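All remarks here apply to the structure that follows.
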Amino acid sequence: MIGRMDLDPDACYRAIQTRDARFDGRLFVAVKTTGIYCRPVCPARTPKRENVTFHATAASAQEAGYRACLRCRPETSPQLGAWNGASNTVSRALALIEAGALDEGDVETLAERVGVGGRQLRRLFLQHLGATPVGVAQTRRVLLAKQLIHETDLPMGEVALAAGFGSVRRFNETFQQLYDRPPAALRRRKALPAPAGEAISLTLRYRPPYDWDGMLAFLAMRAIPGVEVVENDVYRRVIALDGAAGTLAVAPIGGDRLSVAVRFPKPSALPRILARVRGVFDLSADPVGIGEVLSRDPDLARRVALRPGLRVPGAWDGFELAVRAILGQQITVVQARKLAGDLTAAYGEPLSQTSPGLGAEPGLTHAFPSARRLADADLSGLKMPGARIRCLSAMAEAVAADPNLLSPTASLTQMVARLRALPGIGEWTAQYIAMRQLREPDAFPAADVALMRALADADGVRPTADQLLARAEAWRPWRAYAALHLWASLADEGAPPVRKVKRAA
């Protein structure tokens, strides 16, 4: 297997000679004679060995002075998590960049958020990714703009804003510098004006296999009434950012892509929306590599074989996920779903008021309540224990006071400790939030009764939480995926999903 920054030139060259799709998204080949970088599956004639160099990331190739191929379109390659194998600091910084940390902020602020100095963060990025943080952010903007040019009919001014460029002038200058032509020259068809309210539709690639049925089943069981709808193989939801609301719809097309349709009044939010979609559907996962590690355990090997491509569903919004986790303490998933729907109906913003020109979306009626709205609300009327209501209010107050509380700014251990310091948040809830919102692949809610039940022996004897943790050491760094496989096996057997866990006082 090819490592991230230890690219074996001979192995890389064999990959591009055979156009091996297994390495798509893992490496990029830069051609010295043309100044272009490509995916390993590019249909162009294979360049001579002495004329190529290999890069672990598109940002590395672009920062070295190469421009993206117009034929194989590197912007459409699956994003396999360039931070796999890199330091935790780099992975957290990359997640924040994806969320827009450098669109308005600077590297020093980003470095402070992940707990290092700016100089050290630049060194780590160069060591692990071959590019600086600014270079990564710039490449992200350029490749998204290029995809918008090829796949949509948006006017160039809207493409510039949607891709995160601060101005149309900067957008034009960047493309002239990179491609020696204006951005409009890259569009192969005449753009037609889109009707008002028309969705922006793009495709996002992933590495197969992908257990789409498993993903939809997980999301459907937890879909918040009024906020999310899963039907006909499509996931739809209300999205809210920066005081505005809209909708998105996600569906599979082919065997390695998702179609994403976004309706949102602020085009500049598109990069953050797409980054969240990648997180919700875990598109950066390497299912083959994860499966190889987990299959070393005989019990897990059988489950991995039954569900190849099982992903860890992420969360659209950290506060929404935290509320769902609190509501789900010690009750069934179905009961928690109803509570979340009642909470949304009482305190959520009606979609017709936040986005009156959006048009009707069947089943989508409200944006999930904001942290400030719930922090200021009297929640005593909710049909749940008083201790849990106080926990919910405390979480709302904490997130309202610190909107970055649920951002990936520290290690798994530190984030779990930070969450557990909040009233009513126990180990299970903290690990569950880390798994789905913070995208920690090694998060593991060992106190979960369902996990213990899934590993009961032939006599029905279940392991304790400590025994489960000890066994899970062999599953690192993919314990979150092991948990999903165990939960899925119970669902396959028809066991009722219940979350009876010990909760902090």
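Readers should treat all values here as calculations from the given coordinates under stated rules, not as data from a laboratory. Bear in mind that the values here come from a model prediction, so they are computed numbers and not experimental data. Here the Cβ is made from the backbone with ideal geometry for all residues, glycine too, and neighbour counts use every protein chain on show.
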Translational diffusion coefficient, Stokes-Einstein: compute it for region 134-281 using the Kirkwood radius over C-alpha pairs as Rh, at 10 °C and 1.306 mPa s, and state it as an integer in µm² s⁻¹. 96 µm²/s
Could you tell me whether region 9-76 comes out rounded, prolate or oblate from its Cα gyration tensor? Rule is a ≥ b ≥ c as square roots of the eigenvalues, rounded for a/c under 1.5, then prolate if a/b exceeds b/c, otherwise oblate. rounded
Can you put Asp180, Asp492, Asp211 in order, fewest other beta carbons within 10 Å first? Asp180, Asp492, Asp211
Please compute one quarter of the surface area of the Cα convex hull for the chain and express it in square nanometres. 23.5 nm²
Distance from the Cα centre of region 372-414 to that of region 255-310, in angstrom? 28 Å
Sort Arg439, Arg453 so the one with the fewest other Cβ atoms within 10 Å of its own Cβ comes first. Arg453, Arg439
Just to be sure I understand the curve: with the Debye formula and one point per C-alpha of region 88-186, what is log10 I(q)/I(0) at q = 0.11, 0.17, 0.21 Å⁻¹? -0.36, -0.76, -0.98
For the modelled label position 7 Å from the Cα of Asp106 along Cα-to-Cβ, which residues of region 112-130 have backbone nitrogen atoms closer than 16 Å? 112-113, 117-122
Measure off 7 Å from each Cα along the Cα-to-Cβ vector at Asn232 and Thr46, then give the distance between these two points in nanometres to one decimal. 4.5 nm
Could you list the square roots of 5 times each eigenvalue of the Cα gyration tensor of region 1-143, that is, the equivalent ellipsoid semi-axes, sorted largest first and rounded to whole Å? 28, 15, 12
Can you compute the charge dipole magnitude of region 90-173 about its Cα centre, using +1 on each Lys and Arg Cβ and -1 on each Asp and Glu Cβ, nothing else charged? Give it in debye, rounded to the nearest 20. 380 debye
Partnerless cysteines (no other Cys beta carbon under 4.7 Å) identified across the chain are Cys12, Cys391
